[in-house]
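Read through the structure below, which is laid out as structure tokens, and then see the notes.
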Amino acid sequence: MRQLDIAAAIGLIGSFVFLTGAVLLGGDLASFYNLPAVLIVLGGTLMVATISFSFRDILNAQRIIAKTIFQKSVNPEEAAFRMLDLAEECRHRGVLHLQNKLPELSDLSFQHKALQLVVDGLPSEEVNRILQQDLGGMVGRHNNSAGILRKAAEVSPAMGLIGTLVGLIQMLSNLNDPATIGPAMAVALLTTFYGAVMANMFFTPLATKLERNSATEVLRNKIFMAGAASIGRQENPRRLEMYLNTLLPPTQRVQYYS
Amino acid sequence: MRQLDIAAAIGLIGSFVFLTGAVLLGGDLASFYNLPAVLIVLGGTLMVATISFSFRDILNAQRIIAKTIFQKSVNPEEAAFRMLDLAEECRHRGVLHLQNKLPELSDLSFQHKALQLVVDGLPSEEVNRILQQDLGGMVGRHNNSAGILRKAAEVSPAMGLIGTLVGLIQMLSNLNDPATIGPAMAVALLTTFYGAVMANMFFTPLATKLERNSATEVLRNKIFMAGAASIGRQENPRRLEMYLNTLLPPTQRVQYYS
Amino acid sequence: MRQLDIAAAIGLIGSFVFLTGAVLLGGDLASFYNLPAVLIVLGGTLMVATISFSFRDILNAQRIIAKTIFQKSVNPEEAAFRMLDLAEECRHRGVLHLQNKLPELSDLSFQHKALQLVVDGLPSEEVNRILQQDLGGMVGRHNNSAGILRKAAEVSPAMGLIGTLVGLIQMLSNLNDPATIGPAMAVALLTTFYGAVMANMFFTPLATKLERNSATEVLRNKIFMAGAASIGRQENPRRLEMYLNTLLPPTQRVQYYS
Amino acid sequence: MRQLDIAAAIGLIGSFVFLTGAVLLGGDLASFYNLPAVLIVLGGTLMVATISFSFRDILNAQRIIAKTIFQKSVNPEEAAFRMLDLAEECRHRGVLHLQNKLPELSDLSFQHKALQLVVDGLPSEEVNRILQQDLGGMVGRHNNSAGILRKAAEVSPAMGLIGTLVGLIQMLSNLNDPATIGPAMAVALLTTFYGAVMANMFFTPLATKLERNSATEVLRNKIFMAGAASIGRQENPRRLEMYLNTLLPPTQRVQYYS
Amino acid sequence: MRQLDIAAAIGLIGSFVFLTGAVLLGGDLASFYNLPAVLIVLGGTLMVATISFSFRDILNAQRIIAKTIFQKSVNPEEAAFRMLDLAEECRHRGVLHLQNKLPELSDLSFQHKALQLVVDGLPSEEVNRILQQDLGGMVGRHNNSAGILRKAAEVSPAMGLIGTLVGLIQMLSNLNDPATIGPAMAVALLTTFYGAVMANMFFTPLATKLERNSATEVLRNKIFMAGAASIGRQENPRRLEMYLNTLLPPTQRVQYYS
């Protein structure tokens, strides 16, 4: 079950509300839509990304951008509390008690997998090795997608400039009717406008968001890894709390026992 | 009790005085205010920051910018003298004398905490570990906030450009009345102006200031740490003076004894 | 036998289709062709590259760009499966059986060379040393060519700007007939347009592609190296599978046995 | 006694002579002076620097810029010859002979201090430690000042742009009298001109000069340090010559004996 | 005896031929020459370089640029063959035979010096130390000169912009005669044109060339060093060939024996 990353959603919607508001205060929206301009900026950016990357990378990136906005809700502190709860329970009822809990935990696949491996009785190092490989794969996919977003943020203003040059050259080649100069230049500037909006209000902030959410997800999964390993070793949960607090940033440390 | 960072305050006020003066010498202020322009640049910058970061980060950043301007007055030299005074007193009257001094020191929470830990009798390494963690947390929060300021300094000129493109496209689409061209272009340029002012006279210098004040605060707190540890170990204060002088930059070294 | 890198081909063709489409929607193609403009941007970029590099480097770069688009089809997973197939066969029929297989493998020169060395009975370390040297040479040639493409991506917009300045200066020196201003400016802008298109739709994405394909080719050849070494040592192919999976990125791991 | 750094002085004067010459060939200087423009660029740059740094840093920077131009004349080769002369003399007449020489050497405070410490009979390591600390302090002050110059080189074109936007917005808001458009735009462009001149003909080259002179001064002082230590140890001066030649760049090596 | 670096010469001449051709196709060359514009860009760039560097650095840079274009012809492969020839000869006739060969080798001072040191009977390590110092000095001089070229490539467009601002401000201050606007703007743009041409068609590519030729010269001299050391040790030349091939890039490896 995924929840919305509210900041990203509000920011995306809010920035387009501000933009539309500013447009409507000064005129109507109609003069801001032009099909060839959309084609050259959106299509051109997509095509240049296709040259630079493979189809698989680009499809992955789209899926991962969607995940960035509809981000899971469990933050690192909650993850730490969940693992401490489980560790406390397992200290009293034994590790095999986890088996009954697993179905409840299916909303977070990484936590589920980590605990499943413990229940399966794999040794601590093997559990760590398998989860570390999963984590590395996730980081690689995120970096790849953030790289594609950053590339798109570079390419879209360039396509906007190219589109504006096309419009200006066409306008300047046919200066017969002065009344058409203004509207023609307006249309020519639309691609620059599209490129600037796409780069600065979409691609760049989403890339930053993706990198930050990826870091949070890595931290959360490291907490799940540490918790599962600790439960597998049947350690005292107080020790786990101390270790988790060294992983968590100072402002997010948990106080479960102390 | 916090005092004003006079350089930051004078700089901020002074730069706006110069700007307003330059405007007034050439015309009136009225033509430099336009609500849609304010909305698109300020609102857009805030919204893009919201996409990139979380609400918590942005609120923290605002609080930390305020702290940057209303910065505490104790500089590293003063901190060194304060710790040497205390060390000298404790050499004569014993460490427990600190307990009576603590209420006077409540204006600097880090110094207060460091000395409280010594009074509580914690071993030197434990005191260091706890304070180091606090210091790390502070540095992390400052870096985060400086990062948001630098991001805002990147975004605001981009939003200014987008606003100017909106204005130019609207003006060019409706060239019926030539008399309106000038004022319409003036309004279109306002967003570029707002973006340039925000980035260059507000966000970027505040980020630099924040980074420099953070470095000074780290140095000051390291001096408190070193002083508290030295008092806890009941060392000769001359030795503390020598150690503090290795921490202080050459132009700010203290001469307490020698 | 080489196959087309479909993403690069579609991207290159697609971006020019979008560009041409946008041009045709607003006018005709004729006003976008101008011989002096082509000469100054294309010729100038080539000449500046000639100053910066040697002829040999530039010819190599052209050959390697061609190879980037007509890229071999064997990806790392397929390479892993091919080596596991061969290892399995050799386990049953002996290493010398490779000699009969070699002619079938002539489509991939690196794999062919690796296995030839094993058939020739060279010791493992020697095989590795020779192949490592080959691999290093390939990486060096690719980096060199990517560097030339990146340089061309920097130079071509600069040549476009120089061409536009030439056109503007000529137009401004002869303002006698106002009717020629528009078309003259259109021609002047053509070089900026050519420069922007060359840099953003050709040189930069091809450089990125080249770097990514080079990384994939290195990975594939490392898999051939590891496979040949394993066959030479007559290891259990299950062990080879495990080792290859540590080389492959998590999303491309192979499941040959397990 | 300080001498002028002739290259810096000639460069600064020469570049302004070229600039003034170019201005005078095309018109008169009067149209290049405008008080509000000066206020907004100079004052704004100073105020933004004040926000970013402290008053102490900015005053230090001004003092150090002055020192950069009126730079001491002793270059590393001369420093090496001076130390070899002294070492030769001391070999014949003993270290205490230095005491008589010290008053003659008062023009270079670092050399004077180094030899004073040797005359005072401090052990070699102590001399080195004290001088190293002095050297570190000097490098820190230079880096700080170069950083302020680089910051000013970033800020001044931005203030120039802001000033030009102010001028353009004012001009466009009042287009009643077409005859005023030209002169008003000329004035608006003045701030961009001031910003470009300050950044490119003053702040940036002085920062580069400061960094280079700082490196030369460090080298020279290291030669004084090495010389003083060698004299203190009563080493053979030939050995000192060999060591100094490893410090000096190949084109400036000295041939005192060989 | 020095030979022309043909690529650099053709590139430099070719790019100016293309530029002149493009100019002549659209008008005459006369409108592209203007003395004040030349003065402000060329003179300004030279003066700013004078502020940043010393006279000695700038004169050295000019000498080294000349050497870059009239570059010696011996490339690393030829150097390897020459040293292998000599090693083979010396194996048969003894090291002292070199003495007769030295006069023939005077065209390459580094090779000559390396072999002279061997003939003089210096031990291998001493030969290496002396030559290494020479090599380090050469690299330092090249880096210095490349740095000056890169600086000039930064400064010249800035001086071009300053010149254009001067021209625009003068034109805008005197709009009395509309017929002069065009030519005045054309002249104003000339400095931007000169700055762009100097930076992109002269300084930047020559800096790249210088860095690449420096790397080649270092490699060639390392081959001479290795060869001289090997001859001095009277090693088997086959061993020298193997060692030289580890220094040479894969595409330039030599096959002297095998």
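The values are calculated or read from the model by the stated rules, or taken from the named source; none is laboratory data. Bear in mind that the values here come from a model prediction, so they are computed numbers and not experimental data. Positions of Cβ are generated from backbone atoms using ideal geometry, with glycine treated the same way; all protein chains shown enter the neighbour counts. For accessibility, only protein heavy atoms count, side chains too; no ligands or nucleic acids. Shrake-Rupley method; radii C 1.70, N 1.55, O 1.52, S 1.80 Å.
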Checklist entry - Any chance the range D:215-225 includes a residue that's over 27 Å from residue D:99 (Cα atoms) and in contact (Cβ under 8 Å) with a residue 24 or more places away in the chain? => result yes
Checklist outcome for this item: Of those in the range C:237-250 that are open to solvent by 10 Å² or more (accessible area, probe 1.4 Å) and touching a Gly at 6+ places or on another chain (Cβ under 8 Å), the residue farthest from residue A:50 (Cα to Cα) is C:250
Checklist entry - Mind checking which residues of the range C:1-15 are at pLDDT 90 or above and more than 7 Å from chain A (Cβ to nearest Cβ)? => result C:13
Checklist entry - Going by the structure shown, is residue A:164 out of contact with any Asp or Glu (no Cβ under 7 Å at 6 or more places or on another chain), more than 24 Å from residue C:191 (Cβ to Cβ) and at the interface with another protein chain (Cβ under 10 Å from one of its Cβ atoms)? => result no
Checklist outcome for this item: Across the range E:192-218, the tally of residues that are at pLDDT 90 or above and either under 19 Å from residue D:200 (Cβ atoms) or of a type in the set (A, V, I, L, M) (or both) stands at 15
Checklist entry - So which helices (runs of 4 or more DSSP H) are wholly in the range C:1-98 and hold at least 3 residues that are more than 27 Å from the chain's Cα centre (by Cα) and buried (at least 17 other Cβ atoms within 10 Å of the Cβ)? => result C:6-26, C:76-93
Next on the checklist: Can you tell me how many residues within the range D:197-236 are of a type in the set (A, V, I, L, M, F, W, C), in contact with a Phe, Trp or Tyr (Cβ under 7 Å, 6 or more places away or on another chain) and open to solvent by less than 10 Å² (accessible area, probe 1.4 Å)?
Outcome noted: 1
Item to check | Hey, residue C:147 part of a helix (DSSP H, G or I), touching a Pro at 6+ places or on another chain (Cβ under 7 Å) and either over 30 Å from residue E:75 (Cα atoms) or open to solvent by 30 Å² or more (accessible area, probe 1.4 Å) (or both) or not | outcome: no
Next on the checklist: Give all pairs with beta carbons closer than 8 Å in which a residue from the range C:104-131 that is touching a residue at least 60 places away in the same chain (Cβ under 8 Å) and closer than 14 Å to residue C:220 by Cβ meets a residue that is open to solvent by 70 Å² or more (accessible area, probe 1.4 Å) and part of a helix (DSSP H, G or I); count only pairs at least 6 apart in sequence or on separate chains.
Outcome noted: C:131/C:113
Item to check | Test: residue B:211 is away from every other protein chain (no Cβ under 13 Å), of a type outside the set (S, T, N, Q) and either in a helix (DSSP H, G or I) or under 33 Å from the mean Cα position of the chain (by Cα) (or both) | outcome: no
Item to check | Positions within the range D:215-253 being part of a loop (DSSP other than H, G, I, E, B) and more than 14 Å from chain E (Cβ to nearest Cβ), in sequence order | outcome: D:233, D:234, D:235, D:236
Checklist entry - Residues A:165, A:161, A:172: which one is without any contact (Cβ under 8 Å) to a residue 24 or more places away in the chain and within 20 Å of residue C:204 (Cβ to Cβ)? => result A:165
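Has the range C:44-65 got at least one residue that is β-branched (Val, Ile, Thr), within 14 Å of chain A (Cβ to nearest Cβ) and out of contact with any strand residue (DSSP E or B) (no Cβ under 9 Å at 6 or more places or on another chain)? Before the answer, list the steps.
As a first pass, look at the range C:44-65 and keep what is β-branched (Val, Ile, Thr): C:45, C:48, C:50-51, C:58, C:64-65.
Right, trim to within 14 Å of chain A (Cβ to nearest Cβ) and you get C:65.
If we keep only those that are out of contact with any strand residue (DSSP E or B) (no Cβ under 9 Å at 6 or more places or on another chain) as well, we get C:65.
Yes - at least one qualifying residue is present in the range C:44-65.
Yes/no per residue for (1) among the polar types (S, T, N, Q); (2) modelled with pLDDT of 85 or more:
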| residue | (1), (2) |
| --- | --- |
| D:20 | yes, yes |
| D:27 | no, no |
| D:47 | no, yes |
| D:59 | no, yes |
| D:72 | no, no |
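Which count do you get for residues in the range C:176-196 that are more than 7 Å from every other protein chain (Cβ to nearest Cβ), open to solvent by less than 10 Å² (accessible area, probe 1.4 Å) and either among the aliphatic types (A, V, I, L, M) or farther than 20 Å from residue C:152 by Cα (or both)? Step through it out loud before you land on a result.
Here is the first cut: in the range C:176-196, the ones more than 7 Å from every other protein chain (Cβ to nearest Cβ) are C:176-181, C:184, C:187-188, C:191, C:194-195.
From what is left, the residues that are open to solvent by less than 10 Å² (accessible area, probe 1.4 Å) are C:188, C:191, C:195.
When the remaining residues are screened for being either among the aliphatic types (A, V, I, L, M) or farther than 20 Å from residue C:152 by Cα (or both), the result is C:188.
Summing the residues that are more than 7 Å from every other protein chain (Cβ to nearest Cβ), open to solvent by less than 10 Å² (accessible area, probe 1.4 Å) and either among the aliphatic types (A, V, I, L, M) or farther than 20 Å from residue C:152 by Cα (or both) in the range C:176-196 gives 1.
Please tell me if residue B:135 is open to solvent by less than 60 Å² (accessible area, probe 1.4 Å), more than 7 Å from every other protein chain (Cβ to nearest Cβ), closer than 16 Å to residue B:219 by Cα and not polar (S, T, N, Q). Don't jump to the end; show me each part of the working.
Working: open to solvent by less than 60 Å² (accessible area, probe 1.4 Å): yes; more than 7 Å from every other protein chain (Cβ to nearest Cβ): yes; closer than 16 Å to residue B:219 by Cα: yes; not polar (S, T, N, Q): yes.
Against the criterion (open to solvent by less than 60 Å² (accessible area, probe 1.4 Å), more than 7 Å from every other protein chain (Cβ to nearest Cβ), closer than 16 Å to residue B:219 by Cα and not polar (S, T, N, Q)), residue B:135 qualifies.
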Checklist entry - With respect to the numbered conditions (1) open to solvent by less than 40 Å² (accessible area, probe 1.4 Å); (2) more than 11 Å from chain C (Cβ to nearest Cβ); (3) under 28 Å from the mean Cα position of the chain (by Cα), which one is the sole condition not fulfilled by residue A:159? => result (2)
